[in-house]
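Written out below as structure tokens is the structure these notes cover.
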Amino acid sequence: MRIDLHTHSNVSDGTQSPAEVIVSAVAAGLDAVALTDHDSTDGWESAAAAAQDNGIAFVPGMEISCRTKEGISVHLLSYLHDPAHPGLLEEITKSKDARLTRAEHMVSLLSEDYPLTWDDVIHHVAPGATVGRPHIADALVAAGVVADRTEAFTSILTSHSRYFVQHYAPHPALAVELVRAAGGVPVFAHPVASSRGRIVGEGVYQEMIDAGLLGVEVDHRDNPEEGRTFLRELAATHGLLVTGSSDYHGAGKPNLIGENTTRPEVLARIEELATGSRVIR
Ligand code: AMP
Ligand code: FE
Ligand code: FE
Ligand code: ZN
């Protein structure tokens, strides 16, 4: 059994439709795959249909953008929650709306120095998708300013850049609480990915655990080895599930679908713990 619990489609910042992500999962020899678009569950239905057509298990998921009081960005994966839970839905809608205003603000700053308009960016966003920096990167690639998303993220679009603007995001402990209230299983995504920016200290882990955190994503290409050792020890101490995943974004990132996987016992435990929705087989 090969299981990848973290992928993105063009419902957020991946480059493939949800059905195409499923086809890529099948081509990579996966038996089960989760779709975890940023702050959206809009891809679940078509991914589930494609998974049934292709004889692969589909795990409905989502990746929630969060921020701590110190301003550190945290991503929280949620599996098998109820997508209609009002409290959770309200938070992700707030984030999604704020992402739009924030992207417009970033584009207005960028347009002072680069040939970039809001229309250029929207051209790269599928209707209704969660807007993010990757879409701005796509427009900068099209304008010939950078070669690819990676170059955009290491230069113009870093969080230290003068063009960077923050957007509303819930505290990770609140997000954990809401995922649990919605019957989902919250898993801290790439917790020690220091290349993406500052990482959280012990206090935030404790707050998230107290709120009901159930797992940590350990095997992820952005987690350095010493950080993985720390996470395995943390998981053993607190009885947290340990997952491994690709964070596939189609052509938007070098991450290959299935490059990291999660043990079948862990997926079975996620299914036992969740009450919000079900794995589609
Ligand atoms: P945002 O949430 O809009 O601030 O943008 C962050 C998103 O950009 C993350 O979800 C990543 O998927 C994506 N990202 C971060 N670094 C890179 C990179 N080097 N290449 C492509 N995408 C990236
Ligand atoms: Fe992303
Ligand atoms: Fe993430
Ligand atoms: Zn992700």
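The values are calculated or read from the model by the stated rules, or taken from the named source; none is laboratory data. Being a predicted model, the structure only gives us computed values, none of them experimental. Don't worry about glycine lacking a Cβ; one is built from the backbone with ideal geometry, like all the others, and counts go over all protein chains shown. Protein only, heavy atoms only, side chains kept; ligands, DNA and RNA dropped before computing areas. Shrake-Rupley method; radii C 1.70, N 1.55, O 1.52, S 1.80 Å.
Observations on the structure shown:
- Placing +1 on each Lys and Arg Cβ and -1 on each Asp and Glu Cβ, with no other charges, gives the stretch 136-225 a dipole about its Cα centre of roughly 280 debye.
- Annotation: the antiparallel percentage among DSSP beta bridges lying fully within the chain is about 45.
- Degrees, to the nearest 10: 225-238 long Cα axis against longest axis of the chain: 40
- Comparing Ile199, His38, Val59 along the charge dipole axis of the chain, the residue lying farthest to the positive side is Ile199, per the Cβ-charge model.
- Scaling against 2.2 N^0.38 Å puts the C-alpha radius of gyration of the stretch 97-215 at 1.25.
- Over the stretch 1-160, the alpha carbon radius of gyration divided by the compact-protein estimate 2.2 N^0.38 Å works out to 1.10.
- In the chain, the DSSP-assigned H stretches of four residues or longer account for a calculated mean residue ellipticity at 222 nm of -12000 deg cm²/dmol, using -39500 (n - 2.57) per stretch and the full residue count as denominator.
- Under a model in which nothing but the beta-carbon of Lys, Arg (+1) and Asp, Glu (-1) is charged, the stretch 12-77 shows a dipole of about 200 debye around its Cα centre.
- Cα-based Rg and Dmax for the stretch 116-166, where Dmax is the largest Cα-Cα distance (Å): 10.5, 29
- Paramagnetic reach from Ser161 in the stretch 221-251 [backbone N under 11 Å; point 7 Å along Cα→Cβ]: none
- Residues listed by number, the stretch 1-40, amide nitrogen under 20 Å from Ala251 label point at 7 Å toward C-beta: 7-28
- Peptides 77-88, 95-106 ranked from most to least packed by the mean count of surrounding Cβ atoms within 10 Å: 77-88, 95-106.
- Charge dipole (debye, nearest 20) of the chain; +1 at Cβ of Lys and Arg, -1 at Cβ of Asp and Glu: 240
- Here the scattering of the chain is modelled by Debye summation over its C-alpha atoms, one equal scatterer each and no solvent; at q = 0.07, 0.09, 0.11, 0.16 Å⁻¹ the log10 of I(q)/I(0) is -0.23, -0.38, -0.58, -1.29.
- Contact order for the chain, expressed relative to its length and based on alpha carbon pairs under 8 Å spaced 6+ residues apart, stands at 26 percent.
- Cβ-derived FRET efficiency at R0 41 Å, Ala28 paired with Asp119, nearest 0.05: 0.70
- Tyr248, Tyr168, reordered so the largest accessible area comes first (probe 1.4 Å): Tyr168, Tyr248
- Cα centroid separation - the stretch 189-215 against the stretch 69-133, whole Å: 21
- Farthest toward the positive end of the dipole of the chain, out of Pro18, His249, Ala182, is the Cα of Ala182, where the dipole comes from beta carbon charges about the Cα centre.
- Remark: the Glu112-Arg232 segment gains 38.6 nm on full extension, using 0.36 nm per residue and subtracting the alpha carbon distance.
- Of the residues Ser277, Val266, Leu240, the one whose Cα sits farthest towards the positive end of the charge dipole of the stretch 159-281 is Ser277 (charges of +1 on Lys and Arg Cβ, -1 on Asp and Glu Cβ, taken about the Cα centre).
- Rh (Kirkwood; distinct C-alpha pairs) - the stretch 153-258, Å: 15.2
- Our coupling estimate for the stretch 207-217, obtained by passing each phi through the Karplus curve with A = 6.51, B = -1.76, C = 1.60 and θ = phi - 60°, is 4, 5, 5, 4, 7, x, 4, 10, x, 10, 8 Hz, Gly and Pro reported as x.
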